[in-house]
Amino acid sequence: METKSQSNLEVKLQSLKDQFLETLKATKLIVNPQIKGLTLTYEVRRGLQNKEGCKVIQPGLKILIRKAYEGNVEVHFETLDEQSKTYRARLEVLAETTQEEAQLTYEALMKMTQFINGYNQIHKNK
């Protein structure tokens, strides 16, 4: 039986995923991001500045998530096709219940969005 709080959390989570995609697009480093479940597939724009930006964002997100969740949430990045610059980021969440999983996912996406917004603000001011 699904409780009202679970469905409310799922709606918030979907809204946050949409917001996260917009935040990624705002970096101007990432094109065509799509989230399916807890997997983000994206293309990186061409150019040296973009490569450097991704080299900042990826390890930054890994460190942020690792420190905040002590192994219960991990983010992994992998190259799907280097020529087309297509990549995948996968969020792995360890929880006992689906509600806990959704809550941890929501919190992790919030932290990741804040991190990327901070990146955007720093590079907007340059």
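Where a Cα-Cα gap under 18 Å defines reach, which lysines qualify for residue 85, not counting those fewer than 8 residues away within the same chain?
25, 28, 51, 55
Restricting the calculation to Cα positions, tell me the Rg (one decimal) and the Dmax (whole number) of the chain in Å.
For the chain, the Cα radius of gyration and maximum Cα-Cα distance read 15.0, 51 Å.
Bear in mind these aren't lab numbers, they're just calculated from the coordinates by the rules spelled out. Small disclaimer: the values here were computed from a predicted structure and weren't measured.
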